[in-house]
1. Say we look at the range 198-214 and pick out the residues that are open to solvent by 80 Å² or more (accessible area, probe 1.4 Å) and part of a strand (DSSP E or B); which of these is farthest from Gly54 (Cα to Cα)?
2. Which residue, of Leu23, Leu34, Leu49, Leu56, is modelled with pLDDT of 85 or more, crowded, with 21+ Cβ neighbours inside 10 Å, of a type outside the set (Val, Ile, Thr) and under 30 Å from Gly77 (Cβ atoms)?
3. I'm checking my understanding of the structure. Among residues of the range 126-178 that are surrounded by fewer than 18 Cβ atoms within 10 Å (Cβ to Cβ) and of a type in the set (S, T, N, Q), which one is farthest from Ala115 (Cα to Cα)?
4. Whether any residue in the range 146-165 is more than 20 Å from Gly61 (Cβ to Cβ), of a type in the set (S, T, N, Q) and assigned to a strand (DSSP E or B) is what I want to check.
5. Criterion first (closer than 24 Å to Thr94 by Cα and among the β-branched types (Val, Ile, Thr)) does Val202 satisfy it?
6. Just a yes or no: is a residue in the range 209-226 in contact with a Ser or Thr (Cβ under 6 Å, 6 or more places away or on another chain) and not small (Gly, Ala, Ser)?
7. Tell me which residues, restricted to the range 101-122, are within 28 Å of Leu85 (Cβ to Cβ), open to solvent by less than 70 Å² (accessible area, probe 1.4 Å) and out of contact with any Pro (no Cβ under 9 Å at 6 or more places or on another chain).
8. Can we say Ala107 is among the aliphatic types (A, V, I, L, M) and out of contact with any Lys or Arg (no Cβ under 9 Å at 6 or more places or on another chain)?
Amino acid sequence: MPHSLTRPRARALLKRLRGSLLLLLMPVHAAQPLVTEAADVLGAGDCQLEAGAGRLGERDGPAQTAGDAVVACGVAGGHEIGLTLAALRSEGATDKLVGLKGKTLLAGAADGATAFALAYSLFRSHGAAEGWNPVGARLYGVASHELAKDLTGHLNLGWLRSGRSALNTTTWSMGIEGDGRLGWAADLFGDDRSAPWLSAGVKLDLVEKLSGSLSLARQLDASHARLWTLGLTLEFF
């Protein structure tokens, strides 16, 4: 945090960053409740529709609620593209976000090798007070490795440019997930401007091609911020 910021301005900036983080986290990944991006991509012609709802609460601040919808499809050549719509409501005001995202598989996980991918997105948020903000961007590298049968670890490292606050942020995340009809995931993630978050969640296959998830994330600082998320994923072709 720049030392030139006054304490009220610093608190206001952290609140805005936390709201932006919630909007960016709400667009659920294909492997929800995993927060960390996985290196795999949808097959060409395969699509997913994802919907999520979340609630962020902290000790000395109002609760914030959010919802999102994401549709993504695989294209030839190991690529995935998607459209994101999200909304965040706090203290009677609603912020919105629209974004385009993509992911390119750089190296697959053949014969137990580590898979690598590059994920990227452009997004634009609309604030209740300031209107449309400049376009923001996110770019990050992804690595996934099978640790054991039905157990996979993931690492992310990247860069985030907030259109709203015009700040550059380094983001990182590490996660582990277990497969099965009742899947689970745990993540540690954060950035270079705030305390990290710890999350855990479960995923349940409801019917063929439809699954649901529930997760809880907590920020590891004095605010005790907690983010509950509930999601659904529908696969279609």
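1. Kept after step one, since they are open to solvent by 80 Å² or more (accessible area, probe 1.4 Å), are these residues of the range 198-214: 198, 206-209, 214.
If we keep only those that are part of a strand (DSSP E or B) as well, we get 198, 206-207, 214.
On the way: Leu198: 16, Leu206: 20, Val207: 23, Leu214: 10 Å.
In this case the residue turns out to be Val207.
2. Working: Leu23 fails: modelled with pLDDT of 85 or more; Leu49 fails: crowded, with 21+ Cβ neighbours inside 10 Å; Leu56 fails: under 30 Å from Gly77 (Cβ atoms).
None of the others qualify; the one that does is Leu34.
3. Here the answer is Ser165.
4. Taking every residue of the range 146-165 in turn, at least one turns out to be more than 20 Å from Gly61 (Cβ to Cβ), of a type in the set (S, T, N, Q) and assigned to a strand (DSSP E or B).
5. Numbers: closer than 24 Å to Thr94 by Cα: no; among the β-branched types (Val, Ile, Thr): yes.
Criteria not met by Val202.
6. Just the residues of the range 209-226 that are in contact with a Ser or Thr (Cβ under 6 Å, 6 or more places away or on another chain), to begin with: 211, 215, 217.
Filter again for not small (Gly, Ala, Ser), leaving none.
Scanning the range 209-226, I find no residue that is in contact with a Ser or Thr (Cβ under 6 Å, 6 or more places away or on another chain) and not small (Gly, Ala, Ser), so the answer is no.
7. The answer is Gly102, Lys103, Thr104, Leu105, Ala117, Leu118, Ala119.
8. It is true that Ala107 is among the aliphatic types (A, V, I, L, M) and out of contact with any Lys or Arg (no Cβ under 9 Å at 6 or more places or on another chain).
The values are calculated or read from the model by the stated rules, or taken from the named source; none is laboratory data. Every value quoted in this text rests on a predicted model; they were computed, and no experiment measured them. Heads up, the Cβs are rebuilt from the backbone with ideal geometry, glycines too, and the neighbour counts pull from every protein chain shown. Please note that ligands, DNA and RNA were not included when accessible areas were found on the heavy atoms of the full protein model with its side chains. Shrake-Rupley method; radii C 1.70, N 1.55, O 1.52, S 1.80 Å.
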